[in-house]
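Heads up, the thing below is written out as structure tokens.
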Amino acid sequence: MTAHALHGDLESTALYDLPGPRARRRHFFYGIASTAVILGLIGWLLYLLFDTEQFTAAKWTPFEYKGIQELLLKGLWNTLKAFAYASVFSLVLGAVLATGRLSLHRPVRWLSTLCVEFFRAMPVLVMIFFIFVALKVQPLPALVAGLTLYNGSVLAEVFRTGINSVEKGQREAAYALGMRKTQVMTYVLAPQGVRAMLPTIISQLVVALKDTSLGYLITYEEFLHAGKLIASNLDYDLPFIPVVMIISPIYIGMCMLLSWFATWVARRERRSPKTKAVDIDIEAAGPGAVLPGRI
Amino acid sequence: MNVLTDNFALYGKGFLGTVELTVYASLVALVLGFLMASFRVAPVGSFRVFGTVWVTILRNTPLTLLFFAVLLGLPRFGLVLPFQLFAVLALGCYTSAFICEALRSGINTVPKGQGEAARSLGMSFGQTLGTVVLPQAFRSVIPPIGSTLIALAKNSAIAGAFSVTELLGTYKTLNELGYSIIWTFLWIAVGYLIITLSISALFNVLEKRYGVAR
């Protein structure tokens, strides 16, 4: 193996030299010791699980029943449904708010800035509860509305950063060709801006997917809610741990798939000669960003 | 309007609950994030793997699920701690993954020559990281850490929904007492704005004082 393959991108930090034979032996020893500690921790965890009888048949039988499986699948479907609505609506709201913030008319600009800053500063759960409790909206629309307001405002900033990242010459050239304001935006700036920000946009959708689980707190019958129903069943001896063991890998897996997709798109963009890679975090959206987004 | 004046004590308790939760969870997140960032750049492979697994899993877990697992799952497991402590641990661990990533990108902004100079003075990996690279990395990642902590303050609302005393939780009592819901939520919103704007202001000051332009 070459030194480069061994150290990968860490070489660039220059925190340590390429290890010689003695250092390598020492590192090997550290590796063995730390692996032993981790294995010990896992073993202790397993012991605790067995000790508190988490693997007894009673706690796992419910998952064999068709009704329970259907309950879980229905929950998963509801989660995906909320995610689909929330992502489409937030993309639309984001586009609208970004257009507002880039508008040449001062009142429009101020109004959209106010919206963006306010909805980004509020905890998304407070908005969802407000819509659910005060406006007495059904759980699904309340969840979708809350997620849309929050993620839409964050996406508005992402779109704006993307459009501002397009070189000034592009806009000037388009105007010189006699295009109108709307044409410049839709034919020249938006396609390039969105392409540059695509990875960030997908990462924000991961946030939306994660936040659909907030529906659990307003009794929307999503995946976690289905899990809670099963977990609090006395007949099966309250299988909280088994439910967590089944639900978490699915949630984490879905989010990881979407995150990997974002990374893959980012890598492709960086290789593409058509776009200049834009490595801008939402957080680093410039001095305008008084209140940065939620993670 | 009189929701606030009538129930100042209740609001105050909720507000302080959120502040406490934020402060303690921030401390947990900073310490763990620092540790994980050091793990992720360590020369020993198993440390790097551990750090990567920690960050990848926690970044992709919905916080509600984490609260569900910690607040409702762990007690079934024979681990009984006060709810508040569970909430601090869940929030802290979740946020530590984001702190770790911020710090790691900060480490990458420190010029390579700094590490080389430290090594040529005979410093070990720990010394290079602890006395030369990380202090500089900290200075360049003040803004992203600030936004991560603001996010933490906002996320603490989820703890309230899981019946930990904090700001959002006050709405339940006030709703039962028959106060106007709109005003109740308005003051909750103001409470959160005070907290997030204070953190934002604090980190602006920190950045002016200690930030570095690279």
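One residue stands out among those in the stretch B:92-112 that are touching a residue at least 40 places away in the same chain (Cβ under 8 Å) and of a type in the set (Ser, Thr, Tyr): the one that is surrounded by the fewest Cβ atoms within 10 Å (Cβ to Cβ), which is B:109. Residue under question is residue B:42, and the condition is that it be farther than 20 Å from residue B:153 by Cα and at the interface with chain A (Cβ under 9 Å from one of its Cβ atoms); does it hold? Yes, satisfied. Residues that are farther than 27 Å from residue A:64 by Cβ, open to solvent by less than 10 Å² (accessible area, probe 1.4 Å) and in a helix (DSSP H, G or I) are absent from the stretch A:220-232. In the set B:89, B:85, B:63, only one residue is touching a residue at least 60 places away in the same chain (Cβ under 8 Å) and open to solvent by 60 Å² or more (accessible area, probe 1.4 Å); that residue is B:89.
Restricting attention to the stretch B:5-42, the residues being open to solvent by 40 Å² or more (accessible area, probe 1.4 Å) and farther than 21 Å from residue B:147 by Cα number 7. For the stretch A:233-262, a residue qualifies if it is part of a helix (DSSP H, G or I) and either farther than 12 Å from residue B:60 by Cβ or among the acidic types (Asp, Glu) (or both), and the qualifying residues are A:234, A:235, A:236, A:240, A:241, A:242, A:243, A:244, A:245, A:246, A:247, A:261.
Considered as a group, the residues in the stretch A:128-140 that are part of a loop (DSSP other than H, G, I, E, B) and either of a type outside the set (A, V, I, L, M, F, W, C) or crowded, with 22+ Cβ neighbours inside 10 Å (or both) include one that is farthest from the other protein chains (Cβ to nearest Cβ), and that residue is A:138. Inside the stretch B:49-78, residues that are facing chain A (nearest Cβ under 8 Å) and either within 30 Å of residue A:32 (Cα to Cα) or small (Gly, Ala, Ser) (or both) make up a count of 10. For the stretch A:264-278, the set of residues classified as part of a helix (DSSP H, G or I), at pLDDT below 90 and open to solvent by 30 Å² or more (accessible area, probe 1.4 Å) consists of A:267, A:268, A:270, A:271, listed by residue number.
The values are calculated or read from the model by the stated rules, or taken from the named source; none is laboratory data. Computed from a prediction, not measured in an experiment: that's the story for all the values here. Every residue, glycine as well, gets a Cβ built from its backbone with ideal geometry; the counts of neighbours run over all protein chains shown. These accessible areas exclude ligands, DNA and RNA; they are computed on the full protein's heavy atoms, side chains included. Shrake-Rupley method; radii C 1.70, N 1.55, O 1.52, S 1.80 Å.
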